[in-house]
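What follows is a short report on a single structure.
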Amino acid sequence: MTTFDISPPEPVDGKAAASLGRLAPALQWLAGTQGTWPPRPPGPVRRLVLEDSGDLATAFDRGVAMADEIADSAVGLVVLSASAEQAAGVIAIAALLDLEPVHAVGTASGADWATLTVAVRDGLRRARRHARDPAALLDELGSPALAGLTGVLAQAAARHTAVLLDGSPLVCGAALAASRLAPGAPAWWLAGQVPPNPAAARALTEVGLVGLLDLGLALPAGGELALSVLEQAVALL
């Protein structure tokens, strides 16, 4: 698997943003990824949605190649999301953080609560033995989307490309796995929202990220909404 050499964004003096409250850290992050203060409007923006398709064996490398192509295209910000089964993300987080199924899924009732809880319970029986080996864990879980997202996140950080996360369990699971494979990578990511899924929220906390928005949104739109807020914050500044 690829070895990643991560250097942090350039530090900036963002004191002028203090009056913008919780928007200030996001503006400082954006400025750091751009290497300038005040920050420019984010862009060009690439919206990347990964699906559970293609060969699992090459999914991670395809994600790395996507990140390279994006960096070579001078994209300023990636909004990352996934259109795929979310259980693999919850299982990955539960395995890496040693969570029990009920703590990973939560106790809130929902149409798919029982199905997801059973899937996480059964998946963890296989996944726990790979808790110290994220690469083997990705292979065990068999989700091309999860593996591809992990590759994108790790390589985007290595190529100094800013990424805005949508807050879904699959994206947060990939972020946790990528942080283990590429220490320092989360400095290049911004969490668009506080995830309503407990495992996803724990994953963001583990990698040191705080969601920009807290809307209880169980849809993969947190990144897109956060992008709009980030653009308006730059204009306010």
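The values are calculated or read from the model by the stated rules, or taken from the named source; none is laboratory data. Predicted, not measured: the structure shown is a model, and the values here were computed from it. Every residue, glycine among them, receives a Cβ derived from its backbone with ideal geometry; neighbour counts consider all protein chains shown.
Among the residues of segment 159-173, some residue qualifies, meaning at least one is surrounded by fewer than 20 Cβ atoms within 10 Å (Cβ to Cβ) and under 20 Å from residue 50 (Cβ atoms). Evaluating residue 77 against the criteria (1) surrounded by fewer than 19 Cβ atoms within 10 Å (Cβ to Cβ); (2) of a type outside the set (Gly, Ala, Ser); (3) closer than 21 Å to residue 7 by Cα; (4) out of contact with any helix residue (DSSP H, G or I) (no Cβ under 7 Å at 6 or more places or on another chain) leaves one unmet condition, (1).
Here is a yes/no grid of residues against (1) charged (D, E, K, R); (2) under 19 Å from the mean Cα position of the chain (by Cα):
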{"site": "76", "(1), (2)": "no, yes"}
{"site": "79", "(1), (2)": "no, yes"}
{"site": "85", "(1), (2)": "yes, yes"}
{"site": "100", "(1), (2)": "yes, no"}
{"site": "104", "(1), (2)": "no, yes"}
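State yes or no: is residue 132 charged (D, E, K, R) and in contact with a helix residue (DSSP H, G or I) (Cβ under 8 Å, 6 or more places away or on another chain)? When the stated conditions are applied, residue 132 does not pass them.
Note on segment 45-74: residues that are surrounded by 20 or more Cβ atoms within 10 Å (Cβ to Cβ), part of a helix (DSSP H, G or I) and of a type in the set (A, V, I, L, M, F, W, C) total 6. Cβ separations smaller than 6 Å between residues 6+ apart or across chains give the following pairs from segment 1-24 residues that are modelled with pLDDT of 85 or more to residues that are exposed (fewer than 14 other Cβ atoms within 10 Å of the Cβ) and among the hydrophobic types (A, V, I, L, M, F, W, C): 24/18. Scanning segment 197-226 for residues that are without any contact (Cβ under 8 Å) to a residue 24 or more places away in the chain and over 13 Å from the mean Cα position of the chain (by Cα) turns up 213, 214, 215, 216, 218, 219. If only one of 2, 36 is under 22 Å from the mean Cα position of the chain (by Cα) and more than 24 Å from residue 219 (Cα to Cα), which one is it? Checking each option against the conditions leaves just 2.
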